[in-house]
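Asks: Provided herewith is a single structure, encoded as structure tokens, for subsequent inquiry.
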Amino acid sequence: MSMNSFGHLFRVTTWGESHGPALGATVDGCPPGVTIDEAMIQHWLDKRKPGQSKFTTQRREPDAVKILSGVFEGQTTGTPVQLMIENTDQRSKDYGDIMEKFRPGHADITYWQKYGIRDYRGGGRSSARETASRVAAGGLAREAIKQIAPNVQITGYMTQIGTHKIDRANFDWSQIEQNPFWTPDAQAAEDWAVYLDDLRKSGNSVGAVVEVVARGVPAGLGAPVYAKLDTDLAAAMMSINAVKGVEIGEGMAAAELTGEANADEIFMGQDGPQYSSNHAGGILGGISTGQDVVVRFAVKPTSSILTTRKTITKSGEETEIITKGRHDPCVGIRAVPVGEAMMACVILDHLLLHRGQIGENRGRIG
């Protein structure tokens, strides 16, 4: 199986399976001299780890990260950083019944068709457990960003669960870490808790929308035509397990706007250009404008549900299946720190690319 790496200069390769002994990431291209330790990375993994509320899978994993290489006396050396997270709470017996069956909505059937072999224990490589490796790498990326562009702040949050959306008028940054849904709307969090609890008890699941914002991103990141910042962001978010749609800025809603409404007017401020709005999501022509970079992605409902579904076996026989085990009723909740991590990795990668080719922005305004 190839294609397990992403990034250009800051390059991340993830490895491991859901029910294997461990998983992790090998990070190459991290600048030397970045102050880092396991606790700094663990902070972000703790946001993602399972079993923190009744709204996520009850698999109990500490997700404790170990740094195996690339760090000396608390600083990166410029050599590959190896990050490892051991699996400690696998229950592979939960998957014995699906050894010969394909789970509808899962990658079981495509993995089998392509490779002729699959790890049926929790999905193996296709499991969302793989995203713990990304969050670990993202923790390292955040610390490197602090040294290169200290004003950058990356925050993710849920804006929708099923058909239930937040009220943007209630948006409060301080609320995001005050509820199990990572949502900026306190009222929505209360409503979602009731809705998702009923869904969870019925053995069903639901999808969600996650928004990730990078504030303080300098103008000039990204390049035409095939190295656009939004191209890499879209690819990074789409690569997250269960993601089925990605938007930058206004996204699909831009199709409903006129040119007058969509174009962000430009004014001259004391510190440089200012914009009347941010329909572009902080990116024009693939290059950052200096505004907030806004990315949104849709996560499908968890396919592992307790409702009987029709399927087939590897031998082609028609049958039925119920997926047992411990699963997220809404995988979008734990996708929030994953989206943040992917944003961090892409922003750092483009900061390094920009520094390598341009150094400092050449165009002056005013």
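Asks: Which condition number does VAL331 fail, the rest of (1) open to solvent by 10 Å² or more (accessible area, probe 1.4 Å); (2) out of contact with any Asp or Glu (no Cβ under 6 Å at 6 or more places or on another chain); (3) over 30 Å from ARG103 (Cβ atoms) being met?
Replies: VAL331 satisfies every listed condition except (3).
Asks: Here is a check on your reading of the model: is GLN187 open to solvent by 20 Å² or more (accessible area, probe 1.4 Å), modelled with pLDDT of 95 or more, touching an Asp or Glu at 6+ places or on another chain (Cβ under 8 Å) and among the polar types (S, T, N, Q)?
Replies: Taking the combined requirement at face value, the residue satisfies it.
Asks: Would you call GLN147 over 30 Å from TYR195 (Cα atoms) and touching a residue at least 24 places away in the same chain (Cβ under 8 Å)?
Replies: Yes, satisfied.
Asks: Would you be able to tell me the number of residues in the stretch 180-221 that are assigned to a helix (DSSP H, G or I) and in contact (Cβ under 8 Å) with a residue 24 or more places away in the chain?
Replies: Counting residues in the stretch 180-221 that are assigned to a helix (DSSP H, G or I) and in contact (Cβ under 8 Å) with a residue 24 or more places away in the chain gives 9.
Asks: Which of the residues belonging to the stretch 1-52 are open to solvent by less than 70 Å² (accessible area, probe 1.4 Å), part of a loop (DSSP other than H, G, I, E, B) and of a type in the set (S, T, N, Q)?
Replies: Within the stretch 1-52, ASN4, SER18 meet the criteria.
Asks: Within the stretch 2-15, track down each residue that is modelled with pLDDT under 95 and at positive phi.
Replies: Correct list: MET3 only.
Asks: Just one of the numbered conditions (1) in contact with a Phe, Trp or Tyr (Cβ under 6 Å, 6 or more places away or on another chain); (2) open to solvent by less than 40 Å² (accessible area, probe 1.4 Å); (3) modelled with pLDDT of 90 or more is not true of ILE109; which one?
Replies: (2)
Asks: Here's a follow-up. Counting only residues that are within 16 Å of PRO104 (Cβ to Cβ) and open to solvent by 20 Å² or more (accessible area, probe 1.4 Å), which one in the stretch 120-136 is nearest to the chain's Cα centre (by Cα)?
Replies: Going through the qualifying residues, I end up with SER126.
The values are calculated or read from the model by the stated rules, or taken from the named source; none is laboratory data. Given the structure is predicted, the values throughout are model-derived calculations rather than measurements. Ideal geometry is used to build each Cβ from the backbone, glycine not excepted, and the neighbour counts take in all protein chains shown. Surface accessibility is based on the protein's heavy atoms, side chains included, excluding ligands, DNA and RNA. Shrake-Rupley method; radii C 1.70, N 1.55, O 1.52, S 1.80 Å.
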